[in-house]
1. Give me the net charge of Ala68's neighbourhood, meaning all other residues with Cβ under 15 Å from the Cβ of Ala68; Lys, Arg count +1, Asp, Glu -1.
2. Each label point is 7 Å from the Cα along the Cα-to-Cβ direction; what then is the distance between the points at Ala99 and Leu129, in nm?
3. Send over the Kirkwood Rh of region 17-124, from the inverse of the averaged 1/r over different Cα pairs, rounded to one decimal Å.
4. Can you check what the Kirkwood hydrodynamic radius comes to for region 37-82, Cα pairs only, in Å to one decimal?
5. In nm, to one decimal, how far is the Gln41 label point from the Ser80 one, both placed 7 Å along Cα→Cβ?
6. Based on Cβ point charges of +1 for Lys and Arg and -1 for Asp and Glu, what charge dipole magnitude is obtained for region 17-124 about its Cα centre, in debye rounded to the nearest 20?
7. Taking amide H atoms as placed 1.01 Å from N in the peptide plane, list the residues 5 or more away in sequence, or in a different chain, whose amide H sits under 5 Å from that of Phe91.
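Derivation of every value follows stated rules applied to the coordinates shown; laboratory data play no part. Please read these numbers as outputs of a predicted model, since none were measured by experiment. A quick note on method: Cβ atoms are made from the backbone with ideal geometry, for glycine too, and the neighbour counts reach across all protein chains shown.
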Amino acid sequence: MGKFDYLKKYPPAPKRNLAPLRALMDERKVTRWEDFPLGTQDAYLAIAACYPGLQVYACGSRVKGYYADEGDIRAQHIRSALGKRKLVSDFDFIAPRGATPVKPLPPRTDISGVHPMEGSVIPVPIAPLP
């Protein structure tokens, strides 16, 4: 068996046209808190309220711009074509390591293991202590 014979059995995946995704991302990506739609801000404020007094960061598709909400057929189609497992995006966030939420997290949230300095993140306003 030659060095690259496995490619005959498992050919590389075809290259995908990423232009629609890049256009969508450029149109929707955020670089500061104020850039988020108000509904997204509300969702992240609800997450921050679970970690009062601690810095929480928004990250993932809602920051990078490839998110899809319920009924957003264009974005869902692009996510599907790219093999994303969730067609409706959740709210990815980063909380301080070892922090425990003081109340249940809102639905459709996903805590990320990414360190804030390793990617595109947006600080969420800190919720006041009770």
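1. Net local charge, Ala68 excluded: +3.
2. 1.4 nm
3. This gives a value of 14.3 Å.
4. For region 37-82, inverting the mean 1/r across all distinct Cα pairs yields 12.1 Å.
5. It is 3.3 nm.
6. Around 280 debye, computed over region 17-124.
7. When sequence neighbours closer than 5 places are left aside, the close amide H contacts are Thr109, Asp110.
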